[in-house]
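The values are calculated or read from the model by the stated rules, or taken from the named source; none is laboratory data. This one's a predicted model, so the numbers in the text were calculated from it and none came from an experiment. Cβ atoms come from the backbone with ideal geometry, glycine included; neighbour counts cover every protein chain shown. Heads up: the accessible areas ignore ligands, DNA and RNA and are worked out on the full protein's heavy atoms, side chains in. Shrake-Rupley method; radii C 1.70, N 1.55, O 1.52, S 1.80 Å.
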Amino acid sequence: MIIGALEAGGTKMVCAIGDENGNIIERTQFPTETPAITMPQLIAFYKDKGALALGIGCFGPINPDKNSKTYGYITSTPKLAWRNYNIVKAFHDALKVPIGFDTDVNGAALGETAWGALSGCEVGIYITIGTGVGVGVCINGKPLHGLMHPEGGHIFIKRLEGDDYKGNCPYHLDCFEGLAAGPAIEGRFGKKAYELQNVSEVWDIEAHYIAQAICNYIFCYSPGRIVLGGGVMHQEQLFPIVRAKVKEYLKGYINAKEILDNIDSYIVPPKLGDNAGIKGALKLGFMAIN
Ligand code: ADP
Ligand code: ZN
């Protein structure tokens, strides 16, 4: 079965054709300009490829509620050209196939649940630490929505004593994203994050925030496993520091052997690597058919 997949990001659009087993047959990408420029390029890519559905993992916030009048819209995004844009309708009108639609991080969580590190988890969480911070949650193999969708990048966490970086979230200033996304590392230290690889203070501060956030997700969602991805997590030295701090901050309150004895396989990198999002979009497309 041929399915189309789109990982719609703030800087680039990753397009693929694949199958229901997560195999990618063809892929390409386009820069994210305005809908007027970018949508015709995307539609031309999918057109006449025989896809029976299209799955979209999209930057957000979005409206994934099929009962809402504004289902399929990208909503309060800071990317103004895409604000209140009905991306689902645009694809549906052009391709005339079922469209699966979710956030990019819910898509990545779904991809890891279907074919990666979250396989078998009743509750699985995918966290990306990149240009922003996003959190996707899958429960029983389905992305969590509720009122809208989780926005776990914007939770409020305690500052590390002595860290006086004001934060850079355009909405909340010093929420988790405002203190810990890639641009926050660069704002705090005045250098590109990858240039700071050998400065241990940078990663101690970063791990302090990531670990607190993970404790909050453990308390709230009770996940079976947590995937940590995104550009910043290419700094692999972060993993052991984050794991140690999670254990420290939980103070033994969550008495689970998966955390106490086996945290190396509880907080893990994406098994699908940089393909988690696009494979999750394939799964979204497949789920739109069934
Ligand atoms: P996006 O979030 O835009 O999809 P990424 O997940 O690649 O893209 O995140 C980009 C952010 O991650 C940038 O702020 C960049 O500084 C940071 N980043 C990318 N690669 C690295 C790296 N090797 N080490 C540390 N930070 C990185
Ligand atoms: Zn915020």
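If you go through segment 84-143 one residue at a time, how many are part of a helix (DSSP H, G or I), of a type in the set (Val, Ile, Thr) and within 27 Å of GLY178 (Cα to Cα)? Show your work before the answer.
Filtering segment 84-143 for residues part of a helix (DSSP H, G or I) gives 87-95, 104-115.
So of that shortlist, the ones also of a type in the set (Val, Ile, Thr) come out as 87-88, 105, 113.
Pick out the ones that are also within 27 Å of GLY178 (Cα to Cα) and you get 105.
Here the count works out to 1.
Residue count for segment 274-290 under the criterion of being over 24 Å from LEU52 (Cα atoms) and open to solvent by less than 30 Å² (accessible area, probe 1.4 Å): the result is 0. Yes or no: segment 148-165 includes at least one residue that is under 22 Å from GLU248 (Cβ atoms), within 14 Å of ligand 1 (Cβ to nearest atom) and touching a strand residue (DSSP E or B) at 6+ places or on another chain (Cβ under 9 Å). No, segment 148-165 contains no residue that is under 22 Å from GLU248 (Cβ atoms), within 14 Å of ligand 1 (Cβ to nearest atom) and touching a strand residue (DSSP E or B) at 6+ places or on another chain (Cβ under 9 Å).
Taking the criterion of being within 14 Å of ligand 2 (Cβ to nearest atom) and surrounded by 18 or more Cβ atoms within 10 Å (Cβ to Cβ), the residues of segment 125-153 that qualify are ILE129, GLY132, VAL133, GLY134, VAL135, PRO150, GLY152, GLY153.
Among the residues of segment 185-213, those that are small (Gly, Ala, Ser) and either more than 24 Å from LEU173 (Cβ to Cβ) or open to solvent by 60 Å² or more (accessible area, probe 1.4 Å) (or both) comprise GLY190, SER200.
Does ASP102 count as free of Cβ contacts under 8 Å to residues at least 12 places away in the same chain and among the charged types (D, E, K, R)? No: the conditions fail for ASP102.
Is at least one residue of segment 173-196 over 30 Å from GLY224 (Cβ atoms) and within 11 Å of ligand 2 (Cβ to nearest atom)? Reasoning before the result, please.
Filtering segment 173-196 down to residues over 30 Å from GLY224 (Cβ atoms) leaves 173-174, 183, 186-192, 194-196.
Restricting the remaining residues to those that are within 11 Å of ligand 2 (Cβ to nearest atom) gives 173-174.
The answer is yes, given that some residue of segment 173-196 is over 30 Å from GLY224 (Cβ atoms) and within 11 Å of ligand 2 (Cβ to nearest atom).
Listed by first and then second residue, the pairs with beta-carbon distance under 6 Å, at least 6 apart or on different chains, first residue in segment 151-179 and among the β-branched types (Val, Ile, Thr), second within 9 Å of ligand 2 (Cβ to nearest atom) and assigned to a loop (DSSP other than H, G, I, E, B), form an empty list.
Would you mind stating whether ASN216 is among the polar types (S, T, N, Q) and open to solvent by less than 60 Å² (accessible area, probe 1.4 Å)? Write out each step before concluding.
Values: among the polar types (S, T, N, Q): yes; open to solvent by less than 60 Å² (accessible area, probe 1.4 Å): yes.
Against the criterion (among the polar types (S, T, N, Q) and open to solvent by less than 60 Å² (accessible area, probe 1.4 Å)), ASN216 qualifies.
Which residue, of GLY60, GLY50, is closer than 18 Å to LEU284 by Cα, modelled with pLDDT under 95 and either assigned to a loop (DSSP other than H, G, I, E, B) or open to solvent by 40 Å² or more (accessible area, probe 1.4 Å) (or both)? Result: GLY60 is the single residue among GLY60, GLY50 that is closer than 18 Å to LEU284 by Cα, modelled with pLDDT under 95 and either assigned to a loop (DSSP other than H, G, I, E, B) or open to solvent by 40 Å² or more (accessible area, probe 1.4 Å) (or both).
Tell me which residues, restricted to segment 92-102, are open to solvent by 10 Å² or more (accessible area, probe 1.4 Å) and under 16 Å from LYS142 (Cα atoms). Listed by number, the residues that qualify are ILE99, PHE101.
Mind listing just one residue for me: the one in segment 130-147 that is more than 16 Å from ligand 1 (Cβ to nearest atom) and touching a Leu at 6+ places or on another chain (Cβ under 9 Å) and, of those, farthest from GLY60 (Cα to Cα)? So that I can check it myself, show each step before the final result.
At the first step, the residues of segment 130-147 found to be more than 16 Å from ligand 1 (Cβ to nearest atom) are 137-147.
Those left that are additionally touching a Leu at 6+ places or on another chain (Cβ under 9 Å): 137-138, 141-143.
Details: VAL137: 15, CYS138: 17, GLY141: 21, LYS142: 18, PRO143: 15 Å.
Ranking the candidates gives GLY141 first.
Answer with yes or no whether TYR221 is open to solvent by 20 Å² or more (accessible area, probe 1.4 Å), in contact (Cβ under 8 Å) with a residue 12 or more places away in the chain and within 17 Å of the chain's Cα centre (by Cα). Explain how you work it out, then say what you get.
Values: open to solvent by 20 Å² or more (accessible area, probe 1.4 Å): yes; in contact (Cβ under 8 Å) with a residue 12 or more places away in the chain: yes; within 17 Å of the chain's Cα centre (by Cα): yes.
In short, yes.
Of all residues in segment 231-250, none that is closer than 9 Å to ALA207 by Cα and part of a loop (DSSP other than H, G, I, E, B) has its Cβ atom under 6 Å from the Cβ atom of a residue that is within 16 Å of ligand 2 (Cβ to nearest atom) and of a type in the set (D, E, K, R), 6 or more apart or on another chain.
Consider segment 42-51 and keep the residues that are touching a residue at least 24 places away in the same chain (Cβ under 8 Å) and not β-branched (Val, Ile, Thr). The one that is farthest from GLY9 (Cα to Cα) is GLY50. Among the numbered conditions (1) assigned to a helix (DSSP H, G or I); (2) crowded, with 21+ Cβ neighbours inside 10 Å; (3) out of contact with any Cys (no Cβ under 8 Å at 6 or more places or on another chain), the only one that LEU228 does not meet is (1). For segment 173-202, the candidate set comprises residues that are in a helix (DSSP H, G or I), within 11 Å of ligand 1 (Cβ to nearest atom) and of a type in the set (D, E, K, R); within that set, the residue that is nearest to LYS158 (Cα to Cα) is GLU177.
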